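The values are calculated or read from the model by the stated rules, or taken from the named source; none is laboratory data. Quantities reported herein were computed from a predicted structural model and do not represent experimental measurements. Note: ideal-geometry Cβ built from the backbone for every residue, glycine included; neighbour counts use all protein chains shown. Each accessible area value is taken on the protein alone, full model and side chains, heavy atoms only, with ligands, DNA and RNA left out. Shrake-Rupley method; radii C 1.70, N 1.55, O 1.52, S 1.80 Å.
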Amino acid sequence: MIRRLLTAAVGAAAILTALTTAPATAAPATVALPRACNTSAVAAQLHTADAVHLRTGRSRHSRSVMVLPKNTDLYAECWGVSGTDWWAYGKVVSGSATGRRGWVSIDYVATGYRHSAW
């Protein structure tokens, strides 16, 4: 029993040493938000409640980059209002579109993540 505890302690110490002596990674580059972000709402974790277009602008007339399937996770970095419609601008964080940025209508999203954990 003591041998197992010592082995576990030595293993944990090795991991901690590796983590503390690893080279520091560069801070992520700050992404400039679009000027269409015209509200002061906070960022939020979202998922698509239905299939939704990822668009270049906050309008149904804006070009669709792709259709995100239901339950795609995204991180909304800002919000925009166009007429009476609310839009979220953010980064896709799950599925084949991971890393892409764009606008989604909030009519098709819900709060929280379904698949990935941050």
Scoring only Lys, Arg, Asp and Glu (+1, +1, -1, -1) among other residues with Cβ under 10 Å from the Cβ of M66 yields +2
Ignoring ligands, DNA and RNA, what percent of the 1.4 Å accessible area of region 69-108 is carbon and sulfur? 46
Once phi is turned into ³J(HN,Hα) by the Karplus curve 6.51 cos²θ - 1.76 cosθ + 1.60 with θ = phi - 60°, what whole-Hz value does each residue of region 49-55 show in order, with x for glycine and proline? 7, 7, 4, 8, 6, 8, 10
Region 44-97: trypsin sites (Lys or Arg not before Pro) in DSSP loop, at most 13 other beta carbons within 10 Å: R60, R63, K70
Starting from the 7 Å offset along Cα-to-Cβ, what nm value, one decimal, do you get for the label separation of H61 and W86? 2.4
The long-range amide H neighbours of V52, using H built 1.01 Å from N in the peptide plane and a cut-off of under 5 Å, are L68
Under the Karplus relation with 6.51, -1.76 and 1.60 and θ = phi - 60°, whole-Hz ³J(HN,Hα) for region 84-101, x at Gly and Pro, equal 10, 9, 9, 10, 10, 10, x, 10, 6, 10, 8, x, 6, 9, 3, x, 6, 10
Excluding V104 itself, calculate the net charge of residues whose Cβ lies under 14 Å from the Cβ of V104, where each Lys or Arg counts +1 and each Asp or Glu counts -1. +3
